[in-house]
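Enquirer: Quick one: the structure is below, questions incoming.
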Amino acid sequence: MARKFFVGGNWKCNGTFQSVKALVESLNGFKVPGPESVDVVVAPTFLHLAEVKSSLRPEFKVAAQNCWVKAGGAFTGEVSAEQLADLGLEWVILGHSERRHIVGESDEFTADKVAYALSKGLSVIFCVGETLEQREANQTLEVNARQLKALSDKITDWSKIVIAYEPVWAIGTGKVATPEQAQEAHAEIRDWLAKNVSQGAADATRIIYGGSVTAKNAADLGKAADIDGFLVGGASLKPEFEDIIKATPV
């Protein structure tokens, strides 16, 4: 089944209004494959969401990097899914390893976040992945399955989910999974979906790779049968993000 390529840029806790403006101007000015062949979504900080949403070329979408687990209220420092939808956003990133391993968000808490965001009409980039210790212990499939199972216990409709496989040991380290390692993990995730959700969900769900993606390795990674795109970190703040988008298989 043909799945449209997906390239996300996670800007993390980076940027000033001046640097974000320059980045948006650069993204607005280069020729990319059409929206019929690739979805491009960028995720600035909460401070810059409105600015980027209002100024970025319309075929590119804007995502938040996080949202609260329920409706707004007395939750200091949080932003609700309703507020993101009110801003006109369509996407949110949830389950990123930095939320799981630095902030300490559990699989169940993350799944609750995803379920609530979906209920408010948002689409979700749902991140899974193992640490270096877990990989060395041959626990990659076990970890991914555990994180996926937590979500499948909470939702039934996967049509607004993009799964981002991000091996924690490759995020921001300069290390990158080989195309063979990444393809193996993606194929295992797709097989898990087929066995535990449905064959239709397995065929349709886009599974993207994140973990030190660069313009140099994007083309080789993108050729793998079960890699449907990328979630890009540091490189999404650089001109090479445009080259990564251009690496879309056609």
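The values are calculated or read from the model by the stated rules, or taken from the named source; none is laboratory data. Source: prediction; values computed, not measured. For neighbour counting, all protein chains shown are included, and Cβ atoms are generated from backbone atoms with ideal geometry for every residue, glycine included. Calculation scope for accessible area: heavy atoms of the full protein, side chains included, ligands and nucleic acids excluded. Shrake-Rupley method; radii C 1.70, N 1.55, O 1.52, S 1.80 Å.
Enquirer: List the residue ranges in the chain for DSSP H helices whose C-alpha atoms run 20 angstrom or more along the long axis and whose Kyte-Doolittle average is -0.5 or above.
Expert: none
Enquirer: Using per-residue counts of other Cβ atoms within 10 Å, averaged over each peptide, order 123-131, 55-63 from highest down.
Expert: 123-131, 55-63
Enquirer: Next up: Can you give me the long-range amide H partners of ILE93? Hydrogens built in the peptide plane at 1.01 Å from N, cutoff under 5 Å, separation of 5 or more residues or another chain.
Expert: Counting only residues 5 or more places away or on other chains, the set is ALA64, GLN65, ASN66, ILE125.
Enquirer: Continuing with this model, one more query. With respect to the cross-link table entries LYS195/LYS238; LYS53/LYS195; LYS21/LYS113, which display a Cα-Cα separation exceeding 32 Å?
Expert: LYS195/LYS238; LYS53/LYS195
Enquirer: Of the accessible area of the chain, with the probe set at 1.4 angstrom, what percent is carbon plus sulfur?
Expert: Of the solvent-accessible surface of the chain, carbon and sulfur hold 52 percent.
Enquirer: Could you give the size of the charge dipole of the chain about its Cα centre, using +1 on the Cβ of each K and R and -1 on the Cβ of each D and E, expressed in debye and rounded to the nearest 20?
Expert: 420 debye
Enquirer: Sticking with this one: Give me, ordered by chain and number, the residues 5 or more places off ASP39 or on other chains with an amide H under 5 Å from its own placed amide H.
Expert: PHE5, PHE6, VAL7
Enquirer: Rounded to whole Hz and in sequence order, give me ³J(HN,Hα) for region 4-9 from the Karplus expression 6.51 cos²θ - 1.76 cosθ + 1.60, θ = phi - 60°, writing x for Gly and Pro.
Expert: Karplus values, whole Hz, x for Gly and Pro: 5, 4, 9, 10, x, x.
Enquirer: If you don't mind, there's one more thing I want to ask. Quick one: which residues, 5 or more positions from ALA164 or on another chain, have an amide H under 5 Å from its amide H? H modelled 1.01 Å from N in the peptide plane, none for Pro or chain starts.
Expert: Under 5 Å from the amide H of ALA164: PHE126, CYS127, VAL128, ILE208.
Enquirer: Could you tally the net charge around ASP243, taking each other residue with its Cβ under 15 Å from the Cβ of ASP243, Lys/Arg +1 and Asp/Glu -1?
Expert: Charge balance near ASP243 sits at +1.
Enquirer: Just the accessible area for TYR116, please: 1.4 Å probe, Å², rounded to the nearest 10?
Expert: Near enough 50 Å² of accessible area.
Enquirer: Given a 1.4 Å probe and the protein chains all in place, what does the accessible area of VAL168 round to, in Å² to the nearest 10?
Expert: We get 40 Å² for VAL168.
Enquirer: Can you tell me which lysines have their Cα less than 16 Å from the Cα of LYS4? Leave out same-chain residues fewer than eight positions away.
Expert: Here the lysines satisfying the reach criterion relative to LYS4 are LYS61, LYS160, LYS223, LYS246.
Enquirer: Something else: Heavy atoms of the protein only, probe of 1.4 Å, neighbouring chains included. What is the accessible area of ASP220 in Å², nearest 10?
Expert: Taking all protein chains as shown, ASP220 has close to 80 Å².
Enquirer: What is the calculated FRET efficiency for LYS238 to SER119, with r their C-beta to C-beta distance and R₀ = 30 Å, to the nearest 0.05?
Expert: Efficiency computed from Cβ-Cβ geometry: 0.25.
Enquirer: Report the net charge of residues surrounding ALA81, where surrounding means a beta-carbon distance below 10 angstrom and charges are Lys +1, Arg +1, Asp -1, Glu -1.
Expert: Charge balance near ALA81 sits at +1.
Enquirer: Here's another thing I want to ask about it. Where does each of 4-10, 154-160 land if you order them by average Cβ count within 10 Å, highest first?
Expert: In decreasing order of mean packing, 4-10, 154-160 become 4-10, 154-160.
Enquirer: Modelling each spin label as a point 7 Å along the Cα-to-Cβ direction, I'd like the ALA194/SER26 distance in nm, to one decimal.
Expert: Reported label-point gap for ALA194 and SER26 is 4.0 nm.
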